Amino acid sequence: MDELLRDFVTETNESLDVVDVELVRFEQDPNNAKILANIFRLVHTIKGTCGFLNLPRLEALAHAAETLMGKFRDGLPATNDAVTLVLATIDRIKEILDSLERDQREPDGADADLIADLERMVERVGSSAAPAAPKKAVGTLAPQVLERPLRPGEDSLDDLERAFRETPVDPPVVKHAKPAPADAAKDDAAAKGGHQSIRVTVDTLENLMTMVSELVLTRNQLLEIVRRHQDSEFKTPLQRLSNVTAELQEGVMKTRMQPIGNAWQKLPRIVRDLSNELGKQIDLEMQGAETELDRQVLDLIKDPLTHMVRNSADHGLETPEQRRAAGKPEHGRIWLSAYHEGGYIIIQVADDGRGLDTARIKAKAVAQGLASEADIDKLSEAHIHKFIFTPGFSTAATITNVSGRGVGMDVVRNNIDQIGGTIDVKSVAGVGLSFTIKIPLTLAIVAALIVEAGGERFAIPQLSVIELVRARSNSEHRIERIKDTAVLRLRDKLLPLARLSELLGVGQAKDRDLTSGFIVVTQVGAQTFGIIVDSVFHTEEIVVKPMSSKLRHIAMFSGNTILGDGSVIMIIDPNGVAQALGSLVTSHLTAEAAAGSPVPAEQTTSLLVFRAGSSQLKAVPLSLITRLEEIDARKIELSNGRHMVQYRGTLMPLVSMNESVRVKGEGAQPLLVFTDGARSMALVVDEIVDIVEDRLDIQVASDNAGVLGSAIIKGQATEIIDVGHFLPLAFEDWFRRKDQRASTKPRSVLLVDDSPFFRNMLTPVLQAAGYEVTAVGSAQEALAILKEGRSFDVAVTDIEMPDMDGFEFALALRGDPRCAGLPVIALSSVVSAEAVERGRQVGFHDYVAKFDRQGLIAALKEQTAVGCAA
Amino acid sequence: MSSETHLKEYVTAMIGGQLFGLPILHVQDVFIPERLTRVPLAPPEIAGVLNLRGRIVTLIDMRGRLGLEARDGKRPVIAIGVESRGESYGLLIDSIGEVLKLDDAAREPNPINLDPRLARVSAGIHRLEGQLLMVVDVERVLDIDMMAIAA
């Protein structure tokens, strides 16, 4: 393309972006002459240049728009209609520019429609105003081209206006100016002396970056060589080279950096158009526009950001009426902010709209088979919100139109995944929604962990690695096997594990030893899992090179790189591993489901199936168990008539399931270990049979102590064990037990407890007592559920919770007319007279000791009966 | 030298006992592959990747690509470096031969009974003294259908 034309297209596009933003600002602040002057000048420059380059269509459009803006400047009101029209004209100009860039000529077509509209508007806004530039001036305005290279704020509007008014100028001047627009720019910049910059093509920078990457690689190679030769004379100069390379790398990276504001430029316009279209009042606030990031990254997040802002405006924010009704200011707000943190940039998109519709997402997730109905009730709200990132989640029209949210969020996440970033969502119903995006500053060079699996080396990007765990048979962190699935119990979480060599099909199958190796704990989005590798070498700054197009289809790799020793290794894509892991689990479950009875999608629980005392199968929810142990029977000691074993430095009591379970005298004794806080007890069983996923539907309640009832698990009648019965057998104060049978009326209970252990333990107990249980992990979540309009017969809440404790929760409930009548039962490990009194003041209906399970059921029975009568 | 315009230069290569010719314009270099990294989960035709003077080169096993029997592993291999769409490839062959100038007019179309796996990468046959030379269409060699292989 003609260089002049290319420069014109680039500069005009930039100017138009500015005009877009400024116009929206101007509309909000019509008295700001400075903004208008800026717009006027930019449009004027475009017009002038068009005439110069012989682009009649563009010129006519720019002229008509300019005329209208001239009216604004003369003090006529900038109406919404008028601004919309000018914006439409600018859009048309952009279209023409696009095809100009492609075909190097103006596209065919006429703009008579727009021009006519503009002229009509000029007349409408006031014929009394100063006369617009005469139409005939169109072709002869060329001399203004001299102003083309001017930077904003350089020329007074008066000068321009004078030039503009004194329209007839003799053409020779134009010709004279013609050959040297670039020189003019240079002189100009030199004259200004201050902010000097030059335009460099992206290709040049890319090339420079590639060369620097090569240099980094070569330096790494040299360092590797010198490492092998102890006292080399190269050491000092190499150190210097290394430093210079690092500085150079930083310098070149800097040239690739662009302020994130570039990606935001179009947003004010979009928000304005949307607010007009939707009849909403929206304020867009942007913070940290100057935050810089790699242009490659910038390109990739531009669309997702636009999409999210659009979503917020379109679906998140309510109409002014709705906002008024909800007691919010009529103006909805959307915030965009960006800042640096470590090697990452954090971008937040937030609004003060209605938030995500949790119920909708739940229904949708269940409908799509992403979770069962029972499971989804147990999921935290935050977890449910994450479903909006599931691929295909948004494609269905229902959620788009009705609840409105989640449109294309999977696409957004994909883009962010691509650049190794993460996205998180936080939503509070009725209050607002915020997305937090964390992305690396640059893609070209990343820190990676070099690992070995199956005799080959691989790089795992540091960004997704949370920690490294050394697995040993006798260490704290042990790989356990549940049937064919390896898991790691890390602190409170069960992590699924995958052996890298297995995922990649490398190395020998026979040496899959679970007692050694390293576990790279990795996080992708909300998913945390462990990748087992044979060994870990070190971390290295690696230069990411794209995979060959012939290998790009392998999801497990995101690229490859050359190490310091010159060999090529693959970079593992944690997203690919997460997917592979997901499909492994799914296929495992499908196989199970096919083998056993069909599992209804709505309700499954992971259960540990075992035998104890008889051939009758017994089961207990897996989530209650802390650990499965197999200990040498000779280590079991008898103390004070009870079986004990030394376990992690303390004595752990062993409890038999019933009289017929004998503690073994020799060999390996399987144990189920339950831990709460510092206490552990172990249940002695004969044999661990399996782990299954099935519905936990207790069909026959049991009178036997220690058995909740019977359920059909995988087609077999199985006794569901009441863990609560056995805990006090080990520690008398664990529970205090009363003999009381529960009511069977289906009443709904909202259970609030921050400890997953108690939630998991009480849920089946209450279910067995005939209650419908919704368990949440915090008072905030509980309030959010209640706000959604869900009603419960009774709420049971823990007292000691972080952020908002039980007392505050009760007060918040009393403060809300919808929930004021809800009976609240407090659970606490400390039952002091003082606490009971305080509880009465905030409105607790009953106060039960945390371990008094039967007391709780009695209290529930009483309160729901009251609720029923009321 | 009026016939000059019709002469094409070929780098000749032996693969599984058959003589092949690659248009010299396509050939960047010839190298002995060292420190080859196998790529797990890759199509069988891809022998691996290696670092050649700072570039990552994807190696294609010509025996695999042409459906010939696999190499016995003891013999040394050699690679012909080619470039396509900005990417570097190495074609693994058994041995390299001389450069031949052949008259394009003498190139004959593929015999209809040519093994389809050969036919799909062949741009014709030259009859030399005592043997046949198959002209390799490099672009078609590199046109590995990912989906078909992945499936």
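If we count other beta carbons within 10 Å of each Cβ, what is the order of A:340, A:63, A:538, fewest first?
A:538, A:340, A:63
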### Task
Would you mind ranking A:694, A:357 by Cβ crowding within 10 Å, fewest neighbours first?
A:357, A:694
### Task
Pairs to check: A:94/A:550; A:386/A:493; A:266/A:328; A:493/A:714; A:266/A:362; A:254/A:493. Give those whose C-alpha atoms are more than 29 Å from each other in this structure.
A:94/A:550; A:266/A:362; A:254/A:493
#### Entry: Global form of the stretch A:306-372, assessed from the alpha-carbon gyration tensor, a/c cut-off 1.5
oblate
### Message
Rounded, prolate or oblate for the stretch B:2-150? Axes are the square roots of the Cα gyration tensor eigenvalues, ordered a ≥ b ≥ c, and the cut-off for rounded is a/c under 1.5.
### Response
prolate
## Note on the structure
Extension length gain for residue A:99 and residue A:383 (0.36 nm per residue less Cα distance), in nm, is 97.6 nm
### Task
State the volume of the convex hull built on the alpha-carbon positions of the stretch A:605-730, expressed per residue in Å³ and rounded to an integer.
105
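According to the Kirkwood expression over distinct Cα-Cα pairs, how big is the hydrodynamic radius of the stretch A:261-440, in Å? Spell out each step's value before the answer.
Details: mean 1/r = 0.0599 Å⁻¹.
With all distinct Cα pairs of the stretch A:261-440 included, I get 16.7 Å.
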### Residue order, fewest to most beta carbons within 10 Å, for A:197, A:501
A:197, A:501
### Query
Suppose R0 equals 22 Å; then what is the FRET efficiency for residue A:120 and residue A:29 from their Cβ-Cβ distance, rounded to the nearest 0.05?
0.30
### Query
Can you pull the three principal axis extents for the Cα set of the stretch A:202-256, in Å, largest first?
43, 15, 10
### Query
Which aspartates and glutamates have a Cα less than 14 Å from the Cα of residue A:545, not counting those fewer than 8 places away in the same chain?
A:206, A:214, A:573, B:87
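Just so you know, all these numbers are worked out from the coordinates, no wet-lab data involved. Model, not experiment: these values are computed from the prediction. In this analysis, Cβ positions are derived from the backbone assuming ideal geometry, glycine residues included, and neighbour counts consider all displayed protein chains.
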